[in-house]
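None of the figures in this text is laboratory data; all of them are computed from the coordinates on show. Here the structure is a predicted model, which means the values were calculated and not measured. Note that we place each Cβ from the backbone using ideal geometry, even for glycine, and neighbour counts take in every protein chain shown.
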Amino acid sequence: MTVVIGFEGSANKLGIGIVRDGKVLSNPRVTYITPPGEGFLPRDTAKHHQAHVLDVLEKALLEANVKPSEIDVVCYTKGPGMGAPLVSVAVVARTVAQLWNKPIIGVNHCIGHIEMGRTITGAENPTVLYVSGGNTQVIAYSQKRYRIFGETVDIAVGNCLDRFARVLKLSNDPSPGYNIEQMAKRGKILVPLPYVVKGMDVSFSGLLSYIEDRAESLLGSGQYTKEDLCFSLQETVFAMLVETTERAMAHCGSKEVLIVGGVGCNVRLQDMMEKMAKERGATLFATDERFCIDNGAMIAQAGLEMYLSGQTTKWEETTCTQRFRTDEVEVTWRD
Amino acid sequence: MDIADNKQLVKQGAEAKIFKGSFLRKPAMFKERFRKTYRHPILDESITKERMKAEARSLVRCRMLGIHTPAVYSIDFSTRVIIMEDVSEDTQTMRMYIDNVQNSNKNDVLKELKPLMERVGQIIATLHKNSIVHGDLTTSNMLVKLGRDRSTPEVIIIDFGLSYVDGSAEDKGVDLYVLERAFLSTHPNTEELFKTLLQSYRRNYGKGSSEVLNKLEEVRMRGRKRTMVG
Amino acid sequence: MSVTLELDKSLKVKITLTLFSDVTNSKELRQKLVEGSLQCSIIKPSLVLDTFQLLVAANKAVLSQQQGTLKTKGIYSEILYNLSPSKNITESLKTFGIGENDTSILVLVLNDIDGTKVNSISSVVKGKLASLDTLNMHTNEQEIKKVYKIKEAEQNCGSLLGSLVSRIAVKEIISI
């Protein structure tokens, strides 16, 4: 019976979760939401995390009904992500690990998503599409590594969607992506947008510039509504993601596909992926917003896998890193 | 054109089905692109049409540059079919060719495959110098004509489904990176061979190659671990 | 003497090719074509490398006709236009079609079920019926390379015929 606590704060979500043997006992989270039209900056985000972390920690322990002494391992997000927010949370993880005298493990954020996705959905060996504000990768497991088959060559899809939401001045509550999704549901007319797939990689910055530059004139022409633009943006970027995922699946002969990361909450994306999967005789696995969106339990879960397979992080190495590739980690817990 | 009769399905990828048959009494390959129902139908049609155009253009442009590609016999947007020359006779994918050489003659694999690598480097240099980005370079998309002696390998490039014109140095760098990744992950211990390819690329491309190779390095770095300093 | 070949099965169309040499009334034949009293394509054999080239051009023309996307006024002019790498219709018809001083001509008709079309055309041609096997004697490869703009680099890879039909197939989507 191993009880693990995970600390996550690599972007604007601060989450602390407690997991016992694969079961999530608690997973509270607070999100730093900025006014419409604004993105979140590292310094302010770090301040937000600092201000809330002890409350969230207390909540996690209370909800899980777990005492510090009962915790076996402390896990935290080592990276990738924004520097200041990462460190603001890592500091607390280190402190409690010392206070409670527990081993500490630095976890890769992407792997947190993957492992939680696998645990919650039961997918055995899926091709993974990891899509969030900071990351866009198509991943498949092979020989002790989560190999990146395809990724964005510039910005993440979530970043593209978020920035467009700012152009339209949509609310950031609960998240810009959620509000684009709701608008898109009411969109009808497809605006032709640049569709850029390069092999198994995707590119969004050209598309973003295109739509940012033209949004005003498209809306002004009276031909298109904001809903149409949101609809068109989603249809285009999601088609790109499904296409590259399909290509990876074809390459690997995979029968399972798993979507993780904040953008994975999007129902349209899930629908499109499911259609593609069905046509190939494959199955789609997806989680809901509790686990799609950054959370502490996913760090705990991945950390648990690492711990049980013999990994811990040396004290001197409990740093944070903004760049931390998914394929850098040795996946010792899988064959 | 009901594509299925009298034709043999030889490959089914994520994008298209490829059939072997005959067209106007000549051996031909039929590439039928799928409708992707997950996409908005307007988007699907425009993507398919663009891909077909890009593919056909690239095949012909390459030919004009002296790069051996299948001849194009017919393009039909309504059925989403491109009919082209069947070049498969006496050929093997480069992937199989390299595998065979690696498995048979472990001692001087580098020497055996060097002319082939140089030819490939030359071909890609020609593509890139003329602003053509292949978009999906792998050793499965290159055929080697058998029966030729190894010092004059004949290479045929196929599958230009993701190609486009007017690529930037970054695009060309990514083009090389895709090949590098595909090459090294499919054929272990071939770093030296790939170096030969890049050297030939540099030689044949000339001046513009430096920028591309720098971009290749940049793209590699994005993928490579950064050492933490301080 | 004439050779009949089938286009793609789904189109259900056949073409019949007839070669004439020592022709003396090309001017008259050309006039008849312009007037519309001759229903066929008359092609310069010097620019024909292989019957496959004609098949590809004709196949494309019939497909366009069925899809309602003809670029010229009729099927027979369309076949001539398709043979040409140029998008200029007048220029194409002039380059590939019968010239006033031509002494050999290649006649193409569609779906000549009982041979009446060829017979009626033959009756107005003042020349000798030649076997299609002799087509190569009229072919001018140098001229073909010039008209189709086949440069040296291209000549070293693949076949000339492949280069010709490729241009026919992709004409609308490429600028050469």
Which whole number in µm²/s is D for the protein assembly as shown by Stokes-Einstein, with the Kirkwood Rh taken over Cα pairs at 37 °C and 0.692 mPa s? 113
Along the charge dipole of the range B:92-229, Cβ charges K/R +1 and D/E -1, which of B:ILE156, B:VAL174, B:LEU184 sits furthest on the positive end? B:LEU184
Inside 10 Å of the C-beta atoms of B:60-70, what's the mean count of C-beta atoms belonging to other chains? 6
10 Å Cβ neighbours from other chains, averaged over peptide C:8-16: 2
Packing-based exposure ordering (other Cβ within 10 Å, fewest first) of A:TRP315, A:TRP333: A:TRP315, A:TRP333
Label model pair A:THR319, A:GLU63: point-to-point distance (7 angstrom along the Cα→beta-carbon line) in nm is 3.3
Jot down the radius of gyration and Dmax of the range A:221-297, Cα atoms only, both in angstrom. 14.4, 47
With Cβ to Cβ distances under 15 Å as the rule, what net charge do the other residues near A:TRP333 carry (K, R +1; D, E -1)? -2
Hey, how many Å between the Cα centroid of the range B:22-44 and the Cα centroid of the range A:257-302? 30
Please report Rg over Rh for the range B:8-85, where both radii come from the alpha carbon positions and Rh follows the Kirkwood definition. 0.99
Nearest 10, in degrees from 0 to 90: the angle of helix A:205-220 to the longest Cα principal axis of chain A is 50
Within 15 Å, Cβ to Cβ, of A:ILE293, how many net charges do the neighbouring residues add up to if Lys/Arg are +1 and Asp/Glu are -1? -4
How high is the relative contact order of the range B:8-85, in percent, counting Cα pairs under 8 Å that sit 6 or more residues apart? 26
Helix B:209-223: inclination vs chain B longest Cα principal axis, degrees, rounded to 10, gives 90
Based on Cβ point charges of +1 for Lys and Arg and -1 for Asp and Glu, what charge dipole magnitude is obtained for chain A about its Cα centre, in debye rounded to the nearest 20? 80
List, in order, the whole-Hz ³J(HN,Hα) value for each residue of the range B:65-75 obtained from phi through the Karplus relation with A = 6.51, B = -1.76, C = 1.60 and θ = phi - 60°; use x for Gly and Pro. 8, x, 9, 6, 9, x, 6, 9, 9, 6, 10
Using alpha carbons only, how many degrees (0 to 90, rounded to 10) separate the axis of helix A:267-279 from the longest principal axis of chain A? 90
Positive end of the charge dipole of the range A:125-291 (Lys, Arg +1 and Asp, Glu -1 on Cβ, about the Cα centre): tell me which of A:ASN266, A:GLY187, A:CYS230 has its Cα farthest that way. A:ASN266
Can you check what the Kirkwood hydrodynamic radius comes to for the range A:65-173, Cα pairs only, in Å to one decimal? 16.4
Env charge @ A:LEU304, Cβ radius under 10 Å, K,R +1 / D,E -1, value -3
Size of electric dipole in the range A:283-335: Cβ of Lys, Arg +1 and of Asp, Glu -1, about Cα centre, debye, nearest 20: 40
Starting from the Cα gyration tensor of the range A:111-162, take the square roots of the eigenvalues, sort them a ≥ b ≥ c, and report rounded, prolate or oblate (rounded when a/c is under 1.5, otherwise prolate if a/b is larger than b/c, else oblate). oblate
Cys residues of the protein assembly as shown counted as unpaired, since no other Cys beta-carbon is under 4.7 Å: A:CYS75, A:CYS110, A:CYS160, A:CYS230, A:CYS252, A:CYS320, B:CYS62, C:CYS40, C:CYS157
Nearest-5 percent of antiparallel DSSP beta bridges in the protein assembly as shown? 80
Just how large is the dipole of the protein assembly as shown about the Cα centre, in debye to the nearest 20, putting +1 at every Lys and Arg Cβ and -1 at every Asp and Glu Cβ? 880
At 222 nm, what value in deg cm²/dmol follows for chain A if DSSP H runs of at least 4 each add -39500 (n - 2.57) and the sum is divided by all its residues, to the nearest 500? -14500 deg cm²/dmol
The relative contact order of chain A, taking Cα pairs under 8 Å that sit 6 or more residues apart, comes to a percentage of 27
In peptide A:33-42, how many Cβ atoms from other protein chains are near each Cβ within 10 Å, on average? 0
